[in-house]
Every structure is written in C-alpha cells, then in structure tokens.
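Reading through the structure tokens given below for one structure.
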Amino acid sequence: MIRLQPTRGKKRQWKASKLAFLVVTFAIVGILALPFLFTKHHFALASPANWNPTEVQVAGTRIVAAYATDAGQSHPATFYYRAEAEVQYQISGKKFDVWLPASRTTANRAEPQMWLSDKKG
C-alpha cells in the first residue's frame, strides 16, 4: 500500500504527481511487454532447430469431447469437440504412437466430422 506523507502545498502536489507518473509508467511498460510474452510463447511451441523431420503414419482418427462448460440452473453444459489423429512414427529406433489434436475445437460435433471426411476423401 502506497501512503502519501502529510505535507502542505507544492510538496503534496509533487508527491501525488510522482505517484501518478509511476503508475502510468508501469502500466505502459506492462502493455508494451505483452507482445514479447506472446512471441516467447510462440517460439516455445516451435520445434528446435536441431530436430530432424521424420516420416509419420496416420493410423486412425476419432472425434473426442475436448472439454465442457459448467452447467447453470438455467442452461445445460456445452460440450466442445475436436478431431484427433493417431500418429505413429519412429525416432532413433524407438517407436511412438500418440493421439494429437487435428482440428479446431467447436461446440458443433458435426463440424470436426465433416472436416475429417474432407481430409480423408
């Protein structure tokens, strides 16, 4: 908690304006830092330069419930769905078999189904 010292006249005015200046400065610095935080997050999701590409095989697909919103008294829960692909690959002789998200998440279950049928067809 910031506390202003009880002073009179111009000293009090100076301390109040100094406090306002600091608050505004921190707000501006915080707003300017946001793009750098998102950029850092974006690069964290990118693969490192020393990773080699590998051949993958899609073994299967499925539609899953990704998450649901909370139900209230006046409305039921809303389920959100997405398509997933079972991907098999091999790195340094070790085989991997994982399910990965393949489409965007949507409340309409038919949308990821249509998206998958377009990709298969």
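The values are calculated or read from the model by the stated rules, or taken from the named source; none is laboratory data. If you're wondering where the values come from, they're calculated on a predicted model, not measured in any experiment. Reconstructed Cβ throughout: ideal geometry from the backbone, glycine too, with neighbour counts over all protein chains shown.
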**Q.** Residue within the stretch 66-82 that is of a type in the set (S, T, N, Q), within 18 Å of the chain's Cα centre (by Cα) and not in a loop (DSSP other than H, G, I, E, B) present
**A.** no
Q | Hey, VAL58 part of a strand (DSSP E or B), surrounded by fewer than 12 Cβ atoms within 10 Å (Cβ to Cβ), out of contact with any Phe, Trp or Tyr (no Cβ under 8 Å at 6 or more places or on another chain) and not acidic (Asp, Glu) or not | A | no
Q.
Need the failing condition index for VAL87 against (1) within 21 Å of the chain's Cα centre (by Cα); (2) assigned to a strand (DSSP E or B), just the number.
A. (1)
**Q.** Matching residues in the stretch 62-78 - criterion: being under 16 Å from ARG104 (Cβ atoms) and either touching a Phe, Trp or Tyr at 6+ places or on another chain (Cβ under 6 Å) or modelled with pLDDT of 90 or more (or both)
**A.** ARG62, ILE63, VAL64, ALA65, ALA66, TYR67
